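K.L.:
Please read through the structure below; I'll follow up with questions.
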Amino acid sequence: MKKIFFLLTISVLILSSCGSVADFNYFQDTANGDVNQIPSLTEAVKVKPYDKIYIFISCKDPQLATIYNLVTVTNRIGNQGGNVSYSNSSSVTAYTVDEKGDVDVPVMGKIHVDGLTRNQIAELVKTKLTTSAEGVKDATVTVEFANLHVGVLGEVKSQGVMAIDRDQFTLLDAIARAGDLTQYGNRKNVKVFRKDGTKLKTYEVDLTNFHDVCQSPVYMLQQDDIIYVEPNKVRARQSTATGNTLLTPSFWMSALSVGLSIAVFLKK
């Protein structure tokens with residue numbers, strides 16, 4: 001009788017410990033002082049067709065700079081106390097990269113930007129300005145992303161679309177901005193979907209292995225990447241009414257109680 005009770009108790013303890021930290025903790029292969037190689041700085045976000053970017057040109061002569069900028073002017077007419085007032089405001093308009101990878105900049109014409117980073121586009125525009133007939137020698141060129149983003153779906157605390165606001169936007173940046181994975185997220189198999197022309201390629205990343213994360217081709221994200229955190233087994237079992245019941249300590253304690261009652265009854 002005591003042997004049966006001991007075996008049943010051990011079974012309960014083992015089953016109640018399901019959900020090991022081995023499936024939950026990040027970067028389990030790291031220790032203090034470890035060094036992991038990450039992609040180089042050349043892996044910055046590169047512009048693609050149909051992206052939107054801002055190109056702003058400035059120099060000591062504001063009027064000269066104006067002719068190169070794509071500016072939208074908004075006029076307003078107001079009426080206060082019977083007095084009509086006029087005002088206008090201007091803003092820099094984003095360029096849409098066409099299907100050939102070009103943007104059409106005032107005066108300079110079409111410039112091919114497909115596959116270039118922000119800094120490379122800025123240097124290219126500046127070079128064209130300094131070598132043009134007008135020769136804008138003191139030009140400063142600023143390039144910013146307008147609509148570049150990634151999407152995060154699945155078992156994260158905040159799903160949605162996230163703007164890329166830097167040259168290097170990593171998978172860990174996106175996860176952090178999503179508020180981390182929920183307790184039901186499968187940390188060993190995070191999927192990233194990336195467009196390659198007319199194809200959609202799938203990558204899998206194990207967040208419990210830092211070396212795997214750093215060496216993944218999707219460590220540095222690109223615009224339009226989709227990150228999907230699939231549910232772990234606990235969440236998947238919740239899709240049925242009794243999916244997790246057999247794994248709860250209360251169930252096995254009840255089963256233990258019933259088993260002991262039967263054993264006592266049979267012994268009489």
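Read-outs throughout are calculated quantities, based only on the coordinates presented, and are distinct from any laboratory measurement. This one's a predicted model, so the numbers in the text were calculated from it and none came from an experiment. Positions of Cβ are generated from backbone atoms using ideal geometry, with glycine treated the same way; all protein chains shown enter the neighbour counts.
K.L.:
Report the local net charge at ASP98: Lys and Arg +1, Asp and Glu -1, summed over other residues whose C-beta lies under 15 Å from its C-beta.
P.N.:
-1
K.L.:
Quick one: how many lysine pairs in region 148-236 have C-alpha atoms under 20 angstrom apart, if they're 8 or more apart or on different chains?
P.N.:
So the count works out to 8.
K.L.:
With a sphere of radius 15 Å drawn around the Cβ of THR202, what net charge do the other residues whose Cβ falls strictly inside it have (Lys, Arg +1; Asp, Glu -1)?
P.N.:
On the way: positive: LYS191, ARG194, LYS195, LYS199, LYS201; negative: ASP196, GLU204, ASP206, ASP224, ASP225, GLU230.
Computed value for this residue: -1.
K.L.:
Also: Using Cβ contacts closer than 10 Å as the measure, can you line up ASP61, ASP51 from fewest to most? Intermediate results must be reported in sequence, preceding the final value.
P.N.:
Values: ASP61 11, ASP51 22.
Taking fewest neighbouring Cβ atoms as first place, the list is ASP61, ASP51.
K.L.:
Okay, moving on. Net charge near PRO217: determine it from the other residues with C-beta under 10 Å of the C-beta of PRO217, scoring Lys and Arg +1 and Asp and Glu -1.
P.N.:
Charge balance near PRO217 sits at +1.
K.L.:
Right, next: Whole-Hz ³J(HN,Hα) for each residue in region 183-189, computed from phi via Karplus 6.51 cos²θ - 1.76 cosθ + 1.60 with θ = phi - 60°, x for glycine and proline: what do you get?
P.N.:
Values, residue by residue: 5, 9, x, 7, 6, 8, 8 Hz.
K.L.:
Can you work out ³J(HN,Hα) from phi for every residue in region 174-181, in order, using Karplus 6.51 cos²θ - 1.76 cosθ + 1.60 and θ = phi - 60°, giving whole Hz and x for Gly and Pro?
P.N.:
Karplus-based 3J(HN,Hα) across region 174-181 equals 5, 5, 5, 5, 7, x, 6, 6 Hz.
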